Amino acid sequence: MEFTDGALPIGELVAERRHLLDVALWMLSSGGEAEAVVDEAYRQWYGLPESEQAVIEEPRAWLSHVVGGICLERLTRPGRRRRGGPATEPQDAAGEQRRMLEQEVSTVLLGALDALSPAERAAFVLNDVFGMAPGTVATIVGQSEPECSELAERARRSLRATRGRPTTPEQQDAVVCEVREACTLQDPERLMAALAQDVTAFFDGGGKVRAQVRPAHGREKVARSLLTLLAPRPRTTVDPHSVNGRTGLVVRYDRRVAAVISLDLAGPQVVQVWVVVNPDKLRPWNQAAPSYR
């Protein structure tokens, strides 16, 4: 069935707005600001002549680009209030919806994002959280693709330092092995015991594999994602290995590295999981097969 006169299924309309709200929330840490940004993006869309709207092949991508630009402009305003300052939320349905939206993203993680520079935050959110194309991210941030890649990497390092606490190599090894065993045995209770309540997992597929697009938040969601990703399969192995100088997990399929997983700890529990399944980033792992610990 074809839709005429710009008509779209209601589910698609709702999903589009929810996606834009999520982008703005991650960028700004405020449900109220997120709604204002999305409203402005739609105003810009409807301000376009019909002839210009007609040549935009992917309106959702266009709107995401606009939302990213508006958010970055807000982040760079002098004296912008950071999360945690005084604010008044209206006691109505819209205010409740905003609060529910904010609860989906860890308050701790949003606080850590606030410590990043606007450019670092934009590069990280648009690249790691929403998987936008490198060219799109570069256009929004106003820097080259290599510069945006470096900004995102700096943001990752900063988040790791902010959320994690120093652990001994022995502690890291023990927790990583516990996660591996729990996934091998498909034991959700055992796995959740190794995860912090507000743990977040990021999945980097680079748009080149059908990896999970959105981050997983909270112990249960992260556990489900890891149990699915690391479920025992023929010709698949999961082994501990040094990743970024700390023990992580390397997943191989037919002896080729298919995923590299970093686990950041705070004490005895995992607070962040970084899953790389992007074939481009895995190429160095497959050029020279590293030996296991």
(message) Which of the numbered conditions does residue 75 fail, given that it passes all the others? Conditions: (1) more than 30 Å from residue 196 (Cα to Cα); (2) modelled with pLDDT of 90 or more.
(response) (1)
(request) Determine whether residue 158 is out of contact with any Phe, Trp or Tyr (no Cβ under 7 Å at 6 or more places or on another chain), outside the structural domain of residue 252 (by TED's automatic domain parsing) and free of Cβ contacts under 8 Å to residues at least 12 places away in the same chain. (result) no
(request) Output the residue which, of all residues in region 236-275 that are of a type in the set (Asp, Glu) and assigned to a strand (DSSP E or B), is modelled with the lowest pLDDT. (result) 264
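Rundown of residues vs (1) closer than 16 Å to residue 269 by Cβ; (2) crowded, with 16+ Cβ neighbours inside 10 Å; (3) over 16 Å from the mean Cα position of the chain (by Cα), yes/no style:
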{"site": "138", "(1), (2), (3)": "no, yes, yes"}
{"site": "168", "(1), (2), (3)": "yes, no, yes"}
{"site": "205", "(1), (2), (3)": "no, yes, no"}
{"site": "220", "(1), (2), (3)": "yes, no, yes"}
{"site": "239", "(1), (2), (3)": "no, no, yes"}
(request) Return yes or no: is residue 226 surrounded by 13 or more Cβ atoms within 10 Å (Cβ to Cβ), assigned to a helix (DSSP H, G or I) and touching a strand residue (DSSP E or B) at 6+ places or on another chain (Cβ under 8 Å)? (result) yes
(message) Tally up the residues in region 39-51 that are surrounded by 11 or more Cβ atoms within 10 Å (Cβ to Cβ) and either within 11 Å of residue 20 (Cβ to Cβ) or charged (D, E, K, R) (or both), please.
(response) 5
(request) Kindly check whether there is at least one residue in region 267-287 that is within 19 Å of residue 186 (Cβ to Cβ) and over 23 Å from the mean Cα position of the chain (by Cα). (result) no
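The values are calculated or read from the model by the stated rules, or taken from the named source; none is laboratory data. None of the values given here were measured: they were computed from a predicted structure. All Cβ positions, even for glycine, are placed from backbone atoms using ideal geometry, and neighbour counts span all protein chains on display.
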